[in-house]
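Read the structure below first, then the notes.
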């Protein structure tokens, strides 16, 4: 019985990882239409994209968008998490709802809503329009990560800092921020990674300032082009670096405190 | 703390302003926009039912609506069923460290481009793709898998499976083991143990997992478009076509509002079901 | 030496509908070791937090060193606190933790390091200066917390149940560390605890709080022998309490009429009063006792602590009597055969309490 279940689970994981695996494999395959058996090994697809100005422009936009989103979402998430941790106030439920709701709204609805609203107020089609939209989308994740960290703080720690002569602002800088540092780093990486892969909203609001996933979307709409596999592999490596960095920033914190 | 407190407001206000301007604002505007008019390819602010009466009287909108609803619900059920044995294995038959690794692995897909994975499935499922090439070796096929409901389902399952397995595993792993032990001692076979103790105890988590799968599939346009061939178009595809092709944003807004209302009703029902106390017998 | 350092004048604290401190009047002298004791929820921690400025009184005034402290934020006071959870900063090492208060006051780094080192050595943890907080034992952390609070050389140190997380043997050890420190430094300690043994072992004066009010203030002996009211009599020590009404020089109770100890003024006949008899002042025997007040009671249970034993007996109307005696005295009593015992006490050894019938 256990063996059957184990085999089944392995099969399911194969299903989940097959597309990632094939995409990486075909990015080095010389055939124009990716299928089996494999043809020769090539770096042609990578050379193609590296020579493509559109790719570099999209990559640059993606970098700007994901880094800015990470910073903004983390700042907003931190402020909200801290408010929720420190204070009890009227309307706190509604307050939490407006930050935590965005991920439950379908991306396509958010995309249309953002496009319409940004056009209405006359700020659509800019790189920072994407940044604003992605910040709305990812701030909840930042808030959740940092709030979990604040759950672990000794209830008297902030008061202890005031008690030793730190003003509220000083205690924020000397105690709350250092305490939350691993979560803040983790949040920066994770929100940047989510933003780096998001394409629905970016596609709607970006106008001519495409990000990398929007660039991929436009290639996919045209033909079957193995370039996509090469870009996908690069994007995958970037995202994984961010995710692993996020994991490590928490892991190293643990290491330090148990040394 | 009644008096004005600059420190507290510094941390409390930013998100209210931000989400007010860029989250509540857009959503409210979308609802308003569904009553606007389009004249000479220009949108005019108005309060007319024209878009609603037009969209709600069109057969293709309703076809699309029911199709999307059924596909999303079906895929949520399918994914839940597919995930359950694996979650059972991870929760009850594997070691703690293996479970942690499995969950870490399942987080990876969230950070790989969904588009690229869909493209990869496109290549795998194509007439001359990886699967048909494999089947050809043993003299089978080729089978048409792209541009079918099967294709769409593969995409939906790919999108939702990792999350569902994670949520199910976490739920199952937190069931009190003594409950299962007690059922065994009372002579329940493995199937009865699942139906009599595990399913009721894990109900909330299982429903929440399925709800997330539904939400993701319901709002996705990539799988039905690239793998399902948009036959028929789902609601998200309808929104894209109406927005991108013409200037009919108000009609797209009607579809968006329909989606939000549907989602709200379903999420509300599911949560009610999930948290309802079991009837005492 | 005995000028007042802290004065609480009609202090009250409410949180919405809940009254944490109803009315606190209290004077604490410079150089005193004062323990505030009471059951949980009695307002003792809230009182301490008001001294530190973490809560503002809803009414009344707090003076420290002659200045009104209402509205002064915590960081502008010199009232360091040792916390129940210690609240050490886990992202700083031992030395940095101790330096924190000096850093906030703008003391230059070399001076900070010197003073932190002095205090760590004084607390006998000098060798741990560079260590991470999490690697220390409970007792070591306790010493870091003390050093961190004392490094700024305050006149007043607040302690909020600082020993509650320690093992029993460490508690005794830290008690002597604390009393020695307080004597040497000559500063004022305000020590909140729910533990009688801690309060009685260390404090010069003890403040007993009940439901947000100060129930009694006094030395350990005074509180033990002369409880001011029923709450204190029940909360402190093992006392038997008999309630009745005054009739001449005697108190008439449901169990009979008993002599009252000499009072300054003779209460009027009919006054409701309580007679409090400490467990170690009750005599017990199989035969009649040669004291003026006697009665009979049935043994319910016994409790052994070290060389002492406490017997719990019940009189005919259900009143519980507690008798403490040396374990060696048990032989004559022949407990195992059960039955009733004679109890008795000398009139002047009981304590008469005329007060509210709380």
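Filter segment C:55-77 for residues that are surrounded by fewer than 18 Cβ atoms within 10 Å (Cβ to Cβ) and either within 10 Å of chain A (Cβ to nearest Cβ) or at pLDDT 95 or above (or both); which is farthest from residue C:18 (Cα to Cα)? Walk me through it before giving the result.
Initial filter on segment C:55-77 (surrounded by fewer than 18 Cβ atoms within 10 Å (Cβ to Cβ)): C:56, C:58-61, C:63, C:65-68, C:70-73, C:76.
Filter once more, keeping what is either within 10 Å of chain A (Cβ to nearest Cβ) or at pLDDT 95 or above (or both): C:73, C:76.
Values: C:73: 23, C:76: 28 Å.
Checking each candidate, the answer is C:76.
Specify which of the listed residues (A:160, A:116) is touching a strand residue (DSSP E or B) at 6+ places or on another chain (Cβ under 8 Å), free of Cβ contacts under 8 Å to residues at least 24 places away in the same chain and assigned to a helix (DSSP H, G or I). Give the steps one after another, and end with the answer.
On the way: A:116 fails: touching a strand residue (DSSP E or B) at 6+ places or on another chain (Cβ under 8 Å).
Answer to the check: A:160.
What number of residues within segment C:129-147 are crowded, with 16+ Cβ neighbours inside 10 Å and either more than 14 Å from chain A (Cβ to nearest Cβ) or under 24 Å from residue C:29 (Cα atoms) (or both)? Before you say what the answer is, go through the steps one by one.
Filtering segment C:129-147 down to residues crowded, with 16+ Cβ neighbours inside 10 Å leaves C:129, C:131-133, C:136, C:139-147.
Pick out the ones that are also either more than 14 Å from chain A (Cβ to nearest Cβ) or under 24 Å from residue C:29 (Cα atoms) (or both) and you get C:129, C:139-140, C:142-143, C:146-147.
Counting residues in segment C:129-147 that are crowded, with 16+ Cβ neighbours inside 10 Å and either more than 14 Å from chain A (Cβ to nearest Cβ) or under 24 Å from residue C:29 (Cα atoms) (or both) gives 7.
Identify the single condition in (1) surrounded by fewer than 13 Cβ atoms within 10 Å (Cβ to Cβ); (2) over 28 Å from the mean Cα position of the chain (by Cα) that residue C:267 does not satisfy, given that it satisfies every other one.
So residue C:267 meets the others, but not (1).
One residue is enough: does segment B:98-107 have a residue meeting the conditions farther than 22 Å from residue B:193 by Cα, over 15 Å from the mean Cα position of the chain (by Cα) and not in a helix (DSSP H, G or I)?
The answer is no, given that none of the residues of segment B:98-107 is farther than 22 Å from residue B:193 by Cα, over 15 Å from the mean Cα position of the chain (by Cα) and not in a helix (DSSP H, G or I).
Of the residues B:91, B:72, B:86, only one is surrounded by 13 or more Cβ atoms within 10 Å (Cβ to Cβ), in a helix (DSSP H, G or I) and at pLDDT below 90; which? Talk me through it step by step, then tell me what you get.
Details: B:72 fails: at pLDDT below 90; B:86 fails: at pLDDT below 90.
Answer to the selection: B:91.
For segment C:303-358, list the strands (runs of 3 or more DSSP E) that sit wholly inside it and hold at least 3 residues that are more than 14 Å from residue C:283 (Cα to Cα) and in contact (Cβ under 8 Å) with a residue 24 or more places away in the chain; which are they? Write out each step before concluding.
Details: elements: C:308-315, C:320-326, C:340-345, C:351-353.
Of the strands (runs of 3 or more DSSP E) lying wholly inside segment C:303-358, those with at least 3 residues that are more than 14 Å from residue C:283 (Cα to Cα) and in contact (Cβ under 8 Å) with a residue 24 or more places away in the chain span C:351-353.
What is the residue count in segment A:133-154 for residues that are buried (at least 23 other Cβ atoms within 10 Å of the Cβ) and over 24 Å from residue A:243 (Cβ atoms)?
0
Report, by residue number, each residue of segment B:108-155 that is more than 7 Å from every other protein chain (Cβ to nearest Cβ) and over 26 Å from the mean Cα position of the chain (by Cα).
Within segment B:108-155, B:127, B:131, B:132, B:135, B:136, B:137, B:138, B:139, B:140, B:141, B:142, B:143 meet the criteria.
Considering each of B:54, B:58 in turn, give the residue that is closer than 21 Å to residue B:221 by Cβ and more than 10 Å from every other protein chain (Cβ to nearest Cβ).
B:58
Which numbered condition in (1) without any contact (Cβ under 8 Å) to a residue 24 or more places away in the chain; (2) more than 11 Å from chain A (Cβ to nearest Cβ) is the only one that residue B:210 fails?
Condition not satisfied by residue B:210: (1).
Any residue at all in segment B:259-280 that is at the interface with chain A (Cβ under 9 Å from one of its Cβ atoms), at pLDDT 85 or above and not in a helix (DSSP H, G or I)? Give the steps one after another, and end with the answer.
Applying the first criterion (at the interface with chain A (Cβ under 9 Å from one of its Cβ atoms)) to segment B:259-280 yields B:259-260, B:263, B:267.
Now drop any that are not at pLDDT 85 or above, which leaves B:259-260, B:263, B:267.
Remaining after also requiring not in a helix (DSSP H, G or I): none.
Scanning segment B:259-280 turns up no residue that is at the interface with chain A (Cβ under 9 Å from one of its Cβ atoms), at pLDDT 85 or above and not in a helix (DSSP H, G or I).
Considering only helices (runs of 4 or more DSSP H) fully contained in segment B:140-214, which possess at least 3 residues that are out of contact with any helix residue (DSSP H, G or I) (no Cβ under 9 Å at 6 or more places or on another chain)? Even if it seems obvious, please write down each step before you answer.
Details: elements: B:149-173, B:177-185, B:190-193.
Qualifying helices (runs of 4 or more DSSP H): B:177-185.
Yes or no, residue by residue, for (1) in a helix (DSSP H, G or I); (2) surrounded by fewer than 20 Cβ atoms within 10 Å (Cβ to Cβ):
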position	(1), (2)
A:170	yes, yes
A:180	yes, no
A:185	yes, yes
A:191	yes, no
A:217	yes, no
A:221	yes, yes
A:224	no, yes
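Read through the list (1) more than 10 Å from chain B (Cβ to nearest Cβ); (2) assigned to a helix (DSSP H, G or I), then give the number of the only condition that residue A:81 fails.
Status for residue A:81: all satisfied but (1).
Would you check which residues across segment A:34-60 are exposed (fewer than 12 other Cβ atoms within 10 Å of the Cβ) and either within 30 Å of residue B:190 (Cα to Cα) or within 10 Å of chain B (Cβ to nearest Cβ) (or both) and list them?
If the condition is that a residue be exposed (fewer than 12 other Cβ atoms within 10 Å of the Cβ) and either within 30 Å of residue B:190 (Cα to Cα) or within 10 Å of chain B (Cβ to nearest Cβ) (or both), then A:37 is the only one that fits.
The values are calculated or read from the model by the stated rules, or taken from the named source; none is laboratory data. Keep in mind that this is a model prediction, so the values were computed, not measured. Note: ideal-geometry Cβ built from the backbone for every residue, glycine included; neighbour counts use all protein chains shown.
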